[in-house]
Amino acid sequence: MSKYYIFDFDSTLTKVEALDVLAEITLANNPRKEEIIEEIIKITNLGIDGEISFTQSLERRIKLLNAKRSDLELLIKALKKRVSPSIERNKEFFETFSDNIYVISAGFKEFIVPIVAEYNIPADRVFANTFEFSASGEIIGFDRDNILSVHNGKIECLQNLQLDGEIQMIGDGYSDYVTKEAGVAHKFFAYTENVQREKTIQNADHITPNLDEFLYINDLPRNISYPKNRIKMLLLENIHADAYEKFSTDGFTVETVSRSLSEEELIEKLQDVHVLGIRSKTQVTQKVIENAPRLLAVGAFCIGTKQIDLNACKENGIVVFNAPYSNTRSVVELAIGEIIMLMRSVFQRSTELHNGQWNKTAQGSREVRGKKLGIVGYGNIGKQLSVLAEALGMDVYYYDVEDKLALGNATKLNSLADLLAVSDVVTLHVDDNALNKNYIGEKEISQMKDGAHLVNLSRGFVVDIPALTAALKSGKLAGAAVDVYPEEPRKNGDFITELKGLSNVILTPHVGGSTEEAQRDIADFVPGKIMAYINSGNTVDAVNFPNIRLPKQQNAHRFLHIHENVSGVMANINKVVAEYGLNIVGQYLSTDPKVGYVITDVDKDYNQEVIQELKNVEGTIRFRVLY
Ligand SMILES: O=C(O)[C@H](O)COP(=O)(O)O
C-alpha cells in the first residue's frame with residue numbers, strides 16, 4: 001500500500017510562523033511594533049489551538065499586518081533561512097519521495113510554494129490559502145472560498161484529495177491532528193522540533209522531535225543513522241545548566257538529577273542511557289559498567305576521574321572525558337584565600353565575635369609575605385598556585401613524584417619529608433590516586449614545623465583525619481583548611497566530621513572547584529568533547545582511550561569500530577568492507593595496549609548485512625555507524 005506524507009508548513013517545515021515573520025518586516029518602523037507582534041502571536045496560537053475560528057484568526061492578523069506584495073519577497077528570503085534543521089538535512093527524502101509528499105497548510109501559497117519548491121514539492125501538491133491584493137498591491141484579505149480559510153479546513157482538503165493509501169500527517173498544530181480524529185488521516189505525528197503544543201502532543205500517535213525520528217520509525221532513508229533524540233543523557237550531581245542546554249539544543253534527550261546515585265540506583269537508571277555525566281561523588285564501578293548496556297561515554301564534569309573504573313570503561317568500549325583545567329583557578333584562589341585566613345587566624349576571630357567576644361590581638365597572626373609555602377603535587381593547580389603565591393611574596397617550595405620544571409623562583413625539593421620540614425604552610429594538590437590514602441598521617445605531621453598550617457583541597461582520603469585532629473588539638477599544627485573528606489554525603493544535608501568545633505580550622509563542603517565560572521566552563525568543555533565523540537567519533541582528550549582527531553566527513557558513511565587490540569582485526573574489517581564492494585575513502589586507527597579504535601569512511605550506501613558482518617568480526621567490543 002502506498003504511503004502519503006502530509007506536511008504542515010509553519011513551525012513544521014520552517015522554524016517559525018510565517019505571518020509572525022511578515023509582521024517583523026511590515027512593522028519594522030512602527031513604534032507599536034512589540035505590542036502588535038505580541039497580539040499577532042496571541043491570535044495565531046488561539047487559532048492553532050482551536051480557541052477561535054481560523055477565519056477569525058486570519059482576518060484579525062491580516063488587518064494588523066498591514067502588508068503589501070513587496071513585503072512577501074523579503075518574507076520568502078527570511079523563510080529560506082529558517083527551514084527546520086532536520087528538514088534541511090533530509091532534503092534527499094523530499095526528493096526521493098516527492099510523489100508521495102503534500103503540503104497542507106492554513107498559511108499562504110504566495111510564500112509556501114517558493115520555499116517548498118526547493119524541496120522538490122511542486123505547486124500542485126501545495127494546498128494553502130491565497131492572499132487578496134488591492135490595486136496598489138496591499139494585502140487586504142484572502143480567498144474566502146478556499147476551504148483552508150475555515151476552521152478545520154484541512155479535513156475537507158485532505159478528503160478531497162482522495163489519496164489511495166496510508167496517510168501520515170506531520171504537523172505541530174491541533175488543526176493537523178483533527179484530520180486523524182476525523183478519520184481522513186491514518187496516523188498523526190506531533191512535530192516538536194520548533195514548538196511543543198500540549199494539546200497536539202497529547203493526541204499524537206507518535207511525538208517526533210525532528211524529521212530524523214519520523215524517518216527512523218518509518219524506516220525511511222535519512223541523513224542521520226540514529227536520531228539524536230534517541231540518545232539519552234543522564235547528568236547527575238547538579239552539573240551546570242549550560243550542559244543541559246548544550247546537549248538538548250543539539251537534539252539529545254537529557255535528564256538531570258541534582259545528587260549523586262548509589263550503585264544500585266545508577267544501574268537501574270543507566271538501562272537506557274547512552275551518556276552519563278557526573279562530578280566527583282558518583283562511583284562508576286565495574287559492576288555499573290557491566291550493567292549499562294547502552295553506555296557509550298562518561299563525562300566527568302570535574303578534574304578527578306578515579307571515581308570511574310577507567311579500565312572497565314575501556315574494556316567495554318566506553319570513552320571517558322573530563323575537564324582537566326576548568327576549575328584550576330577556582331581551587332587556587334580558594335587555597336590563597338585560606339592560607340591568608342589561616343595565618344591571620346581570621347576564622348578564630350570571626351567565630352569569637354559571632355559569639356559576642358571582642359578579642360583584638362596580633363598574637364599568632366602573621367603576614368604571608370616571606371613565609372615558606374610547601375606545595376605537594378605540582379600539577380596544573382600546584383603550578384598556578386606557585387605563581388600566585390610568589391606574587392604575594394611567599395617563598396615557594398614544591399614536591400612532586402614526577403620531575404616537574406619549577407615556575408618562577410619556586411624551589412623543587414626531592415622528598416616529601418624535606419618539604420614538610422621547611423614549610424610554614426603545606427598545601428596538598430596531589431591527584432585522586434587510591435595509593436595516596438593517608439599520604440599525610442601521624443608520621444608526616446610530626447615532620448612538619450611546629451605551628452605550621454595544613455590545607456587540603458585535593459581528596460579526603462589523602463589526610464589521616466584522626467592524626468590531623470590530634471595535631472590540631474595538641475597545638476602541633478596551628479590551623480588547617482579542609483575542603484574534602486574521606487566519606488562525603490551524596491547530597492546536601494547533615495554532615496559530621498571529627499574536625500568540627502576545632503578553632504582555626506576552616507571547613508568547607510568540597511567547594512574548591514565550585515564557582516560559577518568553573519562550573520560554566522566545565523559545562524562548556526565536557527559537552528563539546530562528548531558531542532564530538534557521539535556525533536563524529538572524535539576521541540581527542542579522552543582519558544582512557546586512544547585519541548583520534550578526525551577530519552569532518554562529507555558524503556560518506558562512517559563506521560566506528562572499537563576492538564580488542566589483537567592481531568587480525570583490522571585485516572578482517574577491511575576484508576568485510578571489500579567483500580561488500582565498499583570503497584574506503586578514509587581510515588583512521590589508533591591503538592593502546594588494550595584496545596584499538598578504527599574509523600572507516602566509505603562512500604557508498606551500505607546494507608544491513610555489512611553492519612552485521614562488521615559486528616561479528618572477532619574481537620569487536622563496540623560498533624557504531626554515523627550518517
Ligand atoms: O575533581 C575535581 O575537579 C574536584 O574535586 C571538584 O569536584 P566536584 O565537581 O565534585 O566539585
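Just so it is clear, none of the values below were taken in a lab; they were calculated from the coordinates. Remember, predicted model here, so these are calculated numbers, not experimental data. Methodologically, a virtual Cβ is constructed for each residue, glycine included, from the backbone with ideal geometry; neighbour enumeration extends over all protein chains shown.
Output needed for segment 14-127: three equivalent-ellipsoid semi-axes, defined as square roots of 5 times the C-alpha gyration tensor eigenvalues, in descending order, whole Å. Write out the running numbers ahead of the final one.
Numbers: eigenvalues 145, 52, 30 Å².
Its equivalent ellipsoid spans semi-axes of 27, 16, 12 Å.
Show me the GluC sites (Glu not before Pro) within segment 291-391 that DSSP assigns to loop and that have at most 13 other Cβ atoms within 10 Å of their Cβ.
Sparse-neighbourhood loop GluC sites (Glu not before Pro): E367.
Label K77 and E198 with points 7 Å out from Cα along Cα→Cβ: what is the distance between them in nm?
It works out to 4.0 nm between the two label points.
Taking a 22 Å limit on the Cα-Cα distance, which of the listed pairs K232/K287; K15/K91; K80/K109 fall beyond it?
Details: K232/K287 20 Å; K15/K91 16 Å; K80/K109 15 Å.
From the list (K232/K287; K15/K91; K80/K109), the Cα-Cα distance tops 22 Å for no pair.
Find the Cα radius of gyration of the chain, compare it with 2.2 N^0.38 Å by division, and give the number to two decimals. Spell out each step's value before the answer.
On the way: Rg = 32.1 Å, N = 627, 2.2 N^0.38 = 25.4 Å.
So the chain has a normalised radius of gyration of 1.26.
Provide the FRET efficiency to the nearest 0.05 for the D592-D219 pair, computing r from the beta carbons and using R0 = 35 Å. It would help to have the intermediate numbers written out before the result.
On the way: r = 38 Å, r/R0 = 1.08.
Step by step, r from the Cβ atoms, then E = 0.40.
For segment 162-282, compute Rg over Rh where Rg is the Cα radius of gyration and Rh is the Kirkwood radius from the inverse mean 1/r over Cα pairs. All intermediate terms of the calculation are to be shown ahead of the outcome.
Working: Rg = 17.9 Å, Rh = 16.4 Å.
Computed over Cα atoms, the ratio is 1.09.
Which of the residue pairs K180/K246; K314/K404; K360/K383; K575/K604; K180/K269; K281/K476 have a Cα-Cα distance greater than 27 Å in the structure shown? Intermediate values should be presented prior to the final figure.
Working: K180/K246 35 Å; K314/K404 29 Å; K360/K383 36 Å; K575/K604 16 Å; K180/K269 36 Å; K281/K476 32 Å.
Pairs exceeding the cut-off: K180/K246; K314/K404; K360/K383; K180/K269; K281/K476.
Counting helices only, and only those DSSP H runs with n ≥ 4, report the 222 nm mean residue ellipticity of the chain as the sum of -39,500 (n - 2.57) divided by its residues, in deg cm²/dmol to the nearest 500. Kindly include the intermediate steps, with their values, before the conclusion.
Numbers: 24 runs with 225 residues, N = 627.
Per the formula, -10500 deg cm²/dmol.
What is the fewest-to-most order of D176, D603 by other Cβ atoms lying within 10 Å of their Cβ? Walk me through the numbers before you get to the answer.
Working: D176 29, D603 12.
Going from sparsest to densest Cβ surroundings: D603, D176.
How much space per residue, in cubic angstrom, does the convex hull of the C-alpha atoms of segment 421-496 take up? Can you show the working numbers first?
On the way: hull volume 6.9 nm³, N = 76.
Spelled out: Cα convex hull of segment 421-496, divided by residues, is 91 Å³.
Two-decimal Rg/Rh of segment 101-233 from alpha-carbon positions, Kirkwood Rh?
Details: Rg = 16.4 Å, Rh = 16.2 Å.
Across segment 101-233, the Cα-based Rg/Rh ratio is 1.01.
Counting other beta carbons within 10 Å of each Cβ, put R294, R369 in order, fewest first.
Details: R294 12, R369 9.
So the residues, fewest neighbours to most, are R369, R294.
Going through segment 353-409, which chymotrypsin sites (Phe, Trp or Tyr not before Pro) have at most 12 other Cβ atoms within 10 Å and a DSSP loop state? Don't jump to the answer; show the numbers that get you there.
Values: sites: W358, Y378, Y397, Y398, Y399; in loops: W358, Y378.
Listed in order of number, the matching sites are W358.
Just for the chain, what percent of DSSP beta bridges are antiparallel, to the closest 5?
Working: 26 of 83 bridges.
Bridges in the chain are about 30 percent antiparallel.
How are the alpha carbon pair distances in segment 246-396 distributed across 5 Å bins from zero to the largest one, expressed in percent?
Taking every Cα pair in segment 246-396, the percentages come to 2, 8, 14, 14, 11, 9, 10, 9, 9, 8, 5, 2, 0.
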